[in-house]
Amino acid sequence: MSDGPPSLPGPGGSRSGRSAGLDPRAQRGEGQPPNPVDLHTHSIHSDGTLAPAALVQEAAQRGLRVLGLTDHDTLDGLAEAEGEADRLGLELVPGVELSTGGQGGEPEIHLLGYFVDREDPELRAGLTGFAGARIDRMGLILERLASIGVPVEPERVRRLAGPGTVGRPHIARALIERGHVADMREAFDRYLASGRPGFVPRPKVEPERGVALIRAAGGVAVLAHPLGTGEVEAVVARLVRVGLGGMEVYYGEYDERARAELGAVAARWGLIPTGGSDFHGPGVKAGRELGGPPVPATSVARLRAAARA
Ligand SMILES: [Zn+2]
Ligand SMILES: [Zn+2]
């Protein structure tokens with residue numbers, strides 16, 4: 001179990017608070033410390049466990065220099081994260097993650113949008129729509145659970161989500177609290193996963209629409225964790241047509257071989273290789289520790305340039 005105090009950083013530690021201007025090249029040489037770039041993380045504004053400022057502090061303690069915040073369907077955590085990043089001398093890369101596809105048993109396609117214009121009315125309306133659809137879906141899931149004798153209070157689920165977007169993990173936590181299940185895994189395996197009695201499919205958003213929303217808001221659209229999307233090359237071919245700009249190659253859970261293969265796909269299609277840990281909080285998901293995968297600094301420069309183009 002990992003129920004200890006989650007506030008202290010992992011290996012490497014924070015000997016003197018701030019890491020005193022270490023040359024990233026020197027860092028890379030010895031013993032694989034956390035990488036200074038991580039472009040895929042979540043805060044409490046979606047399904048992470050840390051507030052944006054705490055997430056940035058955690059990143060600073062682990063020696064990161066560049067942090068991308070990519071909450072699901074919301075830009076609400078960015079201002080707080082930016083304020084803290086300024087204070088600690090980190091570079092914050094503003095982002096968002098959109099869930100698309102996933103109808104009728106087909107895999108979900110997640111899209112990361114970097115450097116979007118946060119005031120873009122169409123993007124804002126799109127995100128509001130996604131959030132509304134999420135709330136409707138959560139209501140339907142709770143109705144189903146109640147109908148099979150596994151009730152949880154909607155109010156409790158909302159409180160567990162805090163300021164963030166409501167998701168199935170929050171329902172799972174409510175199920176655990178009520179003693180219906182022992183842990184998160186059982187909640188999904190018995191009730192919430194696809195094909196289980198509490199499952200309600202998400203409303204369909206075409207991935208093309210996700211790419212278009214990001215692009216129209218001046219951002220760069222990046223295919224997240226591509227190995228989860230089924231036929232990677234087919235998905236890429238489909239989305240490059242509508243302006244996909246990058247693809248995650250250096251993803252937390254991918255081994256070197258997967259990274260090499262995905263790197264080749266990205267190169268073939270002229271996509272910017274990006275990546276990150278998909279961190280949701282200390283100890284929340286194995287293999288997704290902050291600063292895990294080796295994301296090159298050039299990815300950030302290329303994303304920025306593409307966003308301005
Ligand atoms: Zn995702
Ligand atoms: Zn994510």
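Read-outs: derived from the displayed coordinates by stated rules, not from any lab. Keep in mind that this is a model prediction, so the values were computed, not measured. Positions of Cβ are generated from backbone atoms using ideal geometry, with glycine treated the same way; all protein chains shown enter the neighbour counts.
A few notes on this one:
- Magnitude of the charge dipole, region 59-182, Cβ model with Lys/Arg +1 and Asp/Glu -1, debye to 20: 640 debye
- Within a Gaussian network of the chain (alpha carbon springs, distance under 10 Å), most fluctuating of Gly63, Gly139, Gly95: Gly139
- Here each label is just a point 7 Å from Cα along the line to Cβ, and for Lys285 and Arg190 those points are 2.4 nm apart.
- Across all C-alpha atoms in region 223-278, the radius of gyration and Dmax reach 10.1, 29 Å.
- The local environment of Ile176, defined by Cβ-Cβ distances under 12 Å, has a net charge of +2 under the rule Lys, Arg +1 and Asp, Glu -1.
- The residue list Ala125, Leu175, Pro296 was ranked by how far each Cα lies along the charge dipole of the chain toward its positive end, using unit charges on Cβ atoms, and Pro296 comes out on top.
- Around the Cα centre of the chain, unit charges on the Cβ atoms of Lys, Arg, Asp and Glu (plus for the first two, minus for the last two) sum to a dipole of about 120 debye.
- Relative pair counts by distance (%), Cα atoms of region 111-223, 10 Å bins: 14, 38, 26, 19, 3
- With 20 Å bins from 0: P(r) over the chain, alpha-carbon pairs, percent: 33, 59, 8
- Region 138-201: trypsin sites (Lys or Arg not before Pro) in DSSP coil with no more than 15 other Cβ atoms inside 10 Å: Arg178
- Residue (of Ala237, Gly198, Gln103) at the positive-pole extreme of the chain, dipole from beta-carbon charges: Ala237
- The charge dipole of region 132-192, taken about its Cα centre with unit charges on the Cβ atoms of Lys, Arg (+1), Asp and Glu (-1) only, comes to about 140 debye.
- Ratio of Rg to Rh over region 132-192 (Cα coordinates, Kirkwood Rh, two decimals): 0.92
- Cleavage-rule hits (GluC sites (Glu not before Pro)) in region 240-290: DSSP loop, at most 16 neighbouring Cβ within 10 angstrom: Glu253
- Contour minus Cα-Cα distance for Glu91 and Ala234 (0.36 nm per residue): 48.1 nm
- Cα centroid separation, region 128-186 to region 252-286 (Å): 30 Å
- Seen from every direction in turn and averaged, the convex hull around the alpha carbons of region 33-92 projects onto 3.4 nm².
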